[in-house]
Amino acid sequence: MRSRKFRASAGVVRGGVVLVALVVGVAGCGIGEKLPPIPEGIPPGPGTAVPVIDLDAPGRAAEQLRDWAGEQAGALRIPVIALEAYGYAAAIMARAQPNCGIAWTTIAGIAGVESKHGSHGGSSLDADGEVRPPIRGVPLDGSPGVARILDETETARTGAPVYVRAEGPFQFLPETWQRFGVDANGDGVADPDNIDDAALTAARYLCVSGGDLTTPEGWQRALFTYNQSRDYMLKVRDHAAAYSVGRRA
C-alpha cells in the first residue's frame, strides 16, 4: 500500500514514477559504452562532494553550483539545473540538520524515478527551474491500485467529486506540500513545480521522516515514508547508487 501522506499513487511512474544546453537533452549513449557497475547496499553512496557555496546568497543560490553540476550532468543524464537543485538541497540540509546526512544522490534518485528529472510526459526544465508543462499524476479516485483522496475544496466549489493529483517533479500530494513546502530559489513562493523548491522540500521531508539517513535503517525508513513500496525503494536506491559512481541510472 502506498503512503497516503506523500504519494498514494501518482501514476507518473508505476512501481513506486540532458544536456546540449542547460536545460534540455543530452546526446544518446555511445555505442559500446562501458559503465561502472551499480554498487549494492543501503544507503547509496554520497557521490561527488558538493562545493562550499554561500547558501544565503540572494536570488537562486543554487546557480553557484553550475561548474560542479556541469562537469557531471552529461554522464549522469541529469539536467544541470536539476543537479544544482539537488546539490543545494543537500547542502542546506547539512547545515539545518547535520545529523540527517542526506546526500544529493538520494534526492536525485527520487526525482529520477518520479519524473525523470522533470521530463516525464514531454515536460522539461526551464532555466528558472520551473517544469513546463506542469507534471500531474492520475486522479486519486480509488481505482484499482490507487488511493481515494477527495479534493474537498474543489468538490464543494464544483458540486461534483474532484480528486487529488500528485504534483511536480517530486510528485507531492497537495496536503504534504502545504505542510512541508519551502521556497529554495529566493522568489518568495513555495512552488511544487519548481525543481529548487521541490528538491529542498523532499530533502526536508526525508530528514524529518528518516532521522539519520547515513544508516540503512534511517534511509529505508525515510523512503518508506515517501512511498511504501519496496520496489519503489529499490528503484530509488539503484538510481542513487548509479549517480554515486558517476554514471546514468
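The values are calculated or read from the model by the stated rules, or taken from the named source; none is laboratory data. Fair warning: this is a prediction, and the values are worked out from it, not measured in the lab. All Cβ positions, glycine included, derive from the backbone under ideal geometry; neighbour counts span all protein chains shown. For the accessible areas, the whole protein counts, side chains as well, though only heavy atoms, and no ligand, DNA or RNA atoms are used. Shrake-Rupley method; radii C 1.70, N 1.55, O 1.52, S 1.80 Å.
Key figures for this structure:
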quantity	calculated
Residue under evaluation LEU200, criteria (1) under 15 Å from the mean Cα position of the chain (by Cα); (2) open to solvent by less than 10 Å² (accessible area, probe 1.4 Å); (3) modelled with pLDDT of 95 or more, criterion not met	(2)
Lone unmet requirement of (1) more than 25 Å from ALA127 (Cα to Cα); (2) touching a Leu at 6+ places or on another chain (Cβ under 7 Å); (3) not polar (S, T, N, Q) for ILE195	(1)
Tally, over the range 220-249, of residues that are assigned to a helix (DSSP H, G or I) and touching a helix residue (DSSP H, G or I) at 6+ places or on another chain (Cβ under 6 Å)	11
Pairs with Cβ under 8 Å, 6+ apart, first in the range 171-199 and farther than 19 Å from ALA90 by Cβ, second of a type in the set (D, E, K, R) and open to solvent by less than 20 Å² (accessible area, probe 1.4 Å)	GLN171/ARG7; GLN171/GLU114; LEU173/ARG7; VAL189/ASP197; ASP191/ASP197
Looking only at the range 141-190, and only at residues there that are of a type in the set (S, T, N, Q), in a loop (DSSP other than H, G, I, E, B) and within 29 Å of ASP54 (Cα to Cα), the one that is most open to solvent (accessible area, probe 1.4 Å)	ASN185
Spans of helices (runs of 4 or more DSSP H) in the range 66-135 with at least 3 residues buried (at least 24 other Cβ atoms within 10 Å of the Cβ)	80-96, 104-115
